[in-house]
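Working notes, beginning with the structure itself.
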Amino acid sequence: MRITSFRATPVAVPYRREEVWAFGRRRGQVSVLLEVETDEGVTGLGEAAAYPSAEIVLAVLRGLEPMVLGADPRRIERLVRGIELVGTWHHVKATSPAIAAVEMACWDIVGKLCGQPLVNLLGGRFRDRVEFFYYVAAGSPEQVAEEAARAASAGFSTCYLKVGADDPEVDLERVAALRAGAGDSTLLRVDANEAWSPGAAVRMIRRLEPYDLELVEQPVSGRNLAELAYVRGRVGVPILANEASWTRYDQLAVINAGAADVLSVDNQMDGGLLNLKRSAGLCEAAGLPVVKHSLGELGVALAAAVHAIAATPNFRYANQGYAALLADDVTEGFGAVESTVRGSLAVPEGPGLGVRLDPERVAKYAELFRAQGERFAFHDPAAVSAPLALPKF
């Protein structure tokens, strides 16, 4: 069997409410859908988050053609190692989502060939459902409380909120509103996206401790693990590494530095599902749990993640998902919007990823990308024009 061609389709799917974090905002999800065709008529699906942009993902996919076309999609390790080493793509992290999409499509092909859901090829079911948190969009305290109440009534066990506002008092008001809206039994996780200095992080986390936080995600720079370890040693809330732990090499450094209690892992940021499994294995050997990070996923990449998480023991926390933000999806019957029931997703039963694209919605959102793609980018024009600094204070 050989790969004969692949087709990349960028799509833009609106959010129900804008995503806002310490240094920017997005009004929707841009992903590049990948269809990998073979000489035996089996087509595999993949998806790459448009990180850092759809144009870069598409350029990387074009660059991968000489190494992918003609390759056997069943020899996944060999194919990916050729891309990383012969193609020298392992030096540039921005290439990872495109490589991950190719690897994902190959897994879909293999599963379809043997008539098995991907979870069975990655170790079998350790769990039947995969838990996700409810992403509470930043807003006024009243809006935050309303969204938190909605999450609790829908049965989500965990609410997630971005902090790192220019005024720390705004963060305190929002987290208080989050607790008030979610109630006492819901877990609360906050993410500063590196916005704080070590001293500010310690002060802020101590002031937030009365709200019984589950985790604080990346309170300080991910580039200085000594700072992260400093904060971890001075607060009572467990620390989740994210920007510090996007690849398995980064995770090894975080473990060695004793810088976090929990680590984020992400197949799209580390070039594939096999590397996600390797990341989780590293952390398990160190006695640490992991959570799945997301740059934003539609149904294809979401299904791939669910298969991998379901087959891996140490995903002990709710994972990052976009069900609360997405207004729609591009798959038939499986996606963040349709399939999240009381905060979790069942593992797809069909062969491979177990999902199919909805041609009408793919066409609709491909046209939206062509017409308005620049409006869905990561950057916030207002933030770009402001005098930015990391950390904020």
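The values are calculated or read from the model by the stated rules, or taken from the named source; none is laboratory data. Remember, it's a predicted structure, so these values are computed and weren't measured experimentally. Glycine also receives a Cβ, built like all others from the backbone with ideal geometry; neighbour counts cover every protein chain displayed.
Here is a list: Ala310, Ala323, Ala327, Ala377. Which entry is in contact (Cβ under 8 Å) with a residue 60 or more places away in the chain, within 20 Å of the chain's Cα centre (by Cα), over 18 Å from Glu35 (Cβ atoms) and not assigned by TED's automatic domain parsing to the domain that holds Glu217?
Ala377
Tell me, please, whether a residue that is part of a helix (DSSP H, G or I) and either among the charged types (D, E, K, R) or in contact with a strand residue (DSSP E or B) (Cβ under 7 Å, 6 or more places away or on another chain) (or both) can be found in the stretch 120-137.
No.
Across the stretch 206-225, what is the number of residues that are more than 20 Å from Lys292 (Cα to Cα) and in contact with a helix residue (DSSP H, G or I) (Cβ under 7 Å, 6 or more places away or on another chain)?
Total satisfying the criteria: 4.
Being out of contact with any Leu (no Cβ under 9 Å at 6 or more places or on another chain) and buried (at least 16 other Cβ atoms within 10 Å of the Cβ) is the filter here, so list the residues in the stretch 128-138 that pass it.
Tyr134, the sole residue that qualifies.
Considering only the stretch 357-374, state which residues are among the aliphatic types (A, V, I, L, M) and touching a residue at least 60 places away in the same chain (Cβ under 8 Å).
The answer is Leu357, Val362, Ala366, Leu368.
Taking the stretch 331-350 as the search range and keeping residues that are out of contact with any strand residue (DSSP E or B) (no Cβ under 7 Å at 6 or more places or on another chain) and not in a loop (DSSP other than H, G, I, E, B), which one is surrounded by the most Cβ atoms within 10 Å (Cβ to Cβ)?
The selected residue is Glu338.
Just give me the residues in the stretch 153-172 being within 19 Å of Leu208 (Cβ to Cβ) and assigned to a helix (DSSP H, G or I), in sequence order.
Scanning the stretch 153-172 gives Pro168, Glu169, Val170, Asp171, Leu172.
So which of Ala229, Ala195, Ala201 is of a type in the set (A, V, I, L, M), part of a loop (DSSP other than H, G, I, E, B) and touching a residue at least 24 places away in the same chain (Cβ under 8 Å)?
Only one candidate qualifies: Ala195.
Can you name the number of the only condition in (1) surrounded by fewer than 16 Cβ atoms within 10 Å (Cβ to Cβ); (2) without any contact (Cβ under 8 Å) to a residue 40 or more places away in the chain that Gln218 fails?
All conditions are met except number (1).
In the list Gly333, Gly354, Gly296, Gly343, which residue meets the criterion of being touching a residue at least 40 places away in the same chain (Cβ under 8 Å), more than 26 Å from Val262 (Cβ to Cβ) and not polar (S, T, N, Q)?
On inspection, the qualifying residue turns out to be Gly354.
Given the stretch 1-116, what strands (runs of 3 or more DSSP E) lie entirely inside it while holding 3 or more residues that are among the small types (Gly, Ala, Ser) and buried (at least 19 other Cβ atoms within 10 Å of the Cβ)?
43-49
Tell me which residues, restricted to the stretch 255-282, are among the hydrophobic types (A, V, I, L, M, F, W, C) and surrounded by 24 or more Cβ atoms within 10 Å (Cβ to Cβ).
Once the filter is applied, which keeps residues that are among the hydrophobic types (A, V, I, L, M, F, W, C) and surrounded by 24 or more Cβ atoms within 10 Å (Cβ to Cβ), the stretch 255-282 yields Ala259, Ala260, Leu263, Val265, Met269, Leu273, Leu276, Ala280.
Quick check on Val235: is it surrounded by 21 or more Cβ atoms within 10 Å (Cβ to Cβ), assigned by TED's automatic domain parsing to the domain that holds Tyr317, in contact with a helix residue (DSSP H, G or I) (Cβ under 7 Å, 6 or more places away or on another chain) and in contact (Cβ under 8 Å) with a residue 24 or more places away in the chain?
no
Taking Leu302 as the residue in question, decide whether it is at pLDDT below 95 and closer than 25 Å to Arg25 by Cβ.
The answer is no for Leu302.
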